[in-house]
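For reference, the structure is listed below as structure tokens.
The values are calculated or read from the model by the stated rules, or taken from the named source; none is laboratory data. Since the model is a prediction, treat every value here as computed from it, not as a measurement. As a convention, Cβ positions derive from the backbone with ideal geometry for all residues, glycine included, and neighbour counts pool all protein chains shown. All accessible areas refer to the heavy atoms of the entire protein, side chains included, with ligands and DNA or RNA removed. Shrake-Rupley method; radii C 1.70, N 1.55, O 1.52, S 1.80 Å.
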Amino acid sequence: MIMQTLRKKRIGPVIFSEYKRGDAIKKAISMTREDILFELKDSGLKGRGGAGFPTSTKWMLTAAAKSDEKFLVCNADEGEPGTFKDRVLMMELPELVFDGMVVGGYTIGAQKGIVYLRGEYEYLLKPLEDYLEVMRKDHLLGKNILGKKDFNFDIDIFLGSGAYVCGEETALIESLEGHRGEPRNRPPYPINTGFRGRPTSVNNVETLAAVSHIVIKGGSWFAKFGSDKSTGSKLFSVSGDCEKPGVYELPWGIKISELLKVVGAKNTKAVQIGGASGHCVPKSQFDRTLAYEDVPTGGSVMVFDESRNMLHVLKNFMEFFVDESCGQCTPCRIGNVKLLEGVEMIEKGEFTFSHINKLKDLGKTMQIASKCGLGQSSPNPFISILENFNDEIFNAGHGGRNEK
Ligand SMILES: Cc1cc2nc3c(=O)[nH]c(=O)nc-3n(C[C@H](O)[C@H](O)[C@H](O)COP(=O)(O)O)c2cc1C
Ligand code: SF4
């Protein structure tokens, strides 16, 4: 099977710890739904897709929603720049992700699971479908799974079409329904009114992989790793100026300086945490920790060394947001264009500081007034790069007009 040739032996404390295919499903069906929800709550697992919503709460609410049809969606859109850990999980450890989906289906009472696979990962479609076929033969999918009466659950894979915003859960659901991938107004939330108007839980790939381990080893085992508010471990996709880019499983709460050592980064001047929509951390703050209580992240870590021009980095991010805004709401559609124009003005030395300050205020307005997370977070790099690299950007080369 192709998937076997893609496998590598990865070792880690939680996600990359030993796991045997089907084990989480076997264990789950011997438990009640309430027991599983209890273990999840005990684990403190928060969704790994970025927002950090507690998985036990999401599943409890979806389980409680009254409907004869429910869905569990695995969000494998992975469009955030600098993120590739979900691809590695799908490629190398599909058993963890699919078993987590089956456990989720059992817990919330869904009959159908759907993987929303990033369009650029099309090459994974066939091996993943082959894998699902093997699961069906082994009675890990289908009717009366592993002999559990009336537990019926199967998984389909849907290929996305390459829009970053389709990773946002309601845009994803629109896209699944065959519409333009545009975020919906919330409420209602997908847990009540999701795919085809039915209760739907949307979960990140890594979240589902964590669930498989939690069911086997228990919530308190998981909660032993990391910190009080950020339990378990985290997969980080590390790219940029370092000797060993790649996917790392590290404990939550690790200092940025420690992570940089692990990946062999030298002369680092900035690290972009959480992708283009995340925060740019300067060298003076490398003792900060990666955790929900300090610098939260969905897992993207981009390393920039002294040779990088931070204004170019910022321009690249803002061009991305202008391209990817779905255009539905004004703060994001117009705001990102204005922020990009501001960067271009700085580049040409044709700006005033009062205009740049107004753009920072515009960014803050976008954070509040945009309809979805894209426009709410796209000003983050504008604000954090201009604030943290003030000297480099405004004093070295980029003049600006004098003002009174
Ligand atoms: C613009 C945008 C893109 C997103 N892309 C992804 C993505 O690729 N994968 C993902 O899991 N979550 C993504 N999210 C977050 C999802 O909306 C949702 O919170 C997540 O899938 C829930 O899963 P979790 O609870 O396991 O984190 C994105 C959000 C926004 C606003
Ligand atoms: S914030 Fe941007 S991406 Fe989100 S709905 Fe508004 S225009 Fe679309």
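Some values worked out for this structure:
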quantity: The one condition in (1) open to solvent by 10 Å² or more (accessible area, probe 1.4 Å); (2) more than 25 Å from Arg48 (Cβ to Cβ); (3) within 16 Å of ligand 2 (Cβ to nearest atom) that Glu347 fails to fulfil; calculated: (3)
quantity: Which listed residue is open to solvent by less than 20 Å² (accessible area, probe 1.4 Å) and on the phi > 0 side of the Ramachandran plot, from Gly219, Gly160, Gly232; calculated: Gly232
quantity: Some residue of segment 46-60 being closer than 25 Å to Glu249 by Cβ, more than 15 Å from ligand 1 (Cβ to nearest atom), of a type in the set (D, E, K, R) and buried (at least 21 other Cβ atoms within 10 Å of the Cβ); calculated: no
quantity: Of residues in segment 84-116 being assigned to a helix (DSSP H, G or I) and among the β-branched types (Val, Ile, Thr), the one farthest from ligand 1 (Cβ to nearest atom); calculated: Val102
quantity: Helices (runs of 4 or more DSSP H) within segment 164-250 that include 1 or more residues within 16 Å of ligand 2 (Cβ to nearest atom) and touching a strand residue (DSSP E or B) at 6+ places or on another chain (Cβ under 6 Å); calculated: 169-176
quantity: Hey, Phe304 open to solvent by 70 Å² or more (accessible area, probe 1.4 Å) and more than 16 Å from ligand 1 (Cβ to nearest atom) or not; calculated: no
quantity: Condition check for Phe317: within 16 Å of ligand 1 (Cβ to nearest atom), under 30 Å from Cys242 (Cα atoms) and open to solvent by less than 20 Å² (accessible area, probe 1.4 Å); calculated: yes
quantity: Cβ pairs under 8 Å, 6+ apart, first in segment 252-266 and farther than 19 Å from Lys229 by Cβ, second aromatic (Phe, Trp, Tyr) and in a loop (DSSP other than H, G, I, E, B); calculated: Ser257/Phe286; Leu260/Phe286
quantity: Test: residue in segment 273-291 that is within 16 Å of ligand 2 (Cβ to nearest atom), more than 30 Å from Ser230 (Cα to Cα) and either of a type outside the set (D, E, K, R) or in a strand (DSSP E or B) (or both); calculated: no
quantity: Residue ID - farthest from ligand 2 (Cβ to nearest atom), chosen from residues in segment 144-157 that are loosely packed, with under 13 Cβ neighbours inside 10 Å and in a loop (DSSP other than H, G, I, E, B); calculated: Lys149
quantity: So Gly327, is it near ligand 2 (Cβ under 10 Å from one of its atoms), without any contact (Cβ under 8 Å) to a residue 12 or more places away in the chain and either part of a helix (DSSP H, G or I) or open to solvent by less than 70 Å² (accessible area, probe 1.4 Å) (or both); calculated: yes
quantity: Condition check for Ala64: without any contact (Cβ under 8 Å) to a residue 12 or more places away in the chain, open to solvent by 30 Å² or more (accessible area, probe 1.4 Å) and within 28 Å of Pro187 (Cα to Cα); calculated: yes
quantity: Selected residue (only one of Thr55, Thr62 is modelled with pLDDT of 95 or more and within 18 Å of the chain's Cα centre (by Cα)); calculated: Thr55
quantity: Every residue from segment 266-297 that is open to solvent by 20 Å² or more (accessible area, probe 1.4 Å) and touching a Gly at 6+ places or on another chain (Cβ under 9 Å); calculated: Thr289, Tyr292, Glu293, Asp294, Pro296
quantity: Filter pass, Phe38 being among the aromatic types (Phe, Trp, Tyr), open to solvent by 40 Å² or more (accessible area, probe 1.4 Å) and in contact (Cβ under 8 Å) with a residue 60 or more places away in the chain; calculated: yes
quantity: First in segment 278-295 and farther than 15 Å from Trp252 by Cα, second anywhere and part of a loop (DSSP other than H, G, I, E, B) and of a type in the set (Asp, Glu), Cβ under 9 Å, 6 or more apart; calculated: Gly278/Glu80
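For every residue, the table says whether it meets (1) out of contact with any Cys (no Cβ under 7 Å at 6 or more places or on another chain); (2) at pLDDT 95 or above; (3) in a helix (DSSP H, G or I).
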residue: Thr5; (1), (2), (3): yes, no, yes
residue: Arg10; (1), (2), (3): yes, no, no
residue: Pro13; (1), (2), (3): yes, no, no
residue: Arg21; (1), (2), (3): yes, yes, no
residue: Ala24; (1), (2), (3): yes, yes, yes
residue: Lys27; (1), (2), (3): yes, yes, yes
residue: Met31; (1), (2), (3): yes, yes, no
residue: Glu34; (1), (2), (3): yes, yes, yes
residue: Leu40; (1), (2), (3): yes, yes, yes
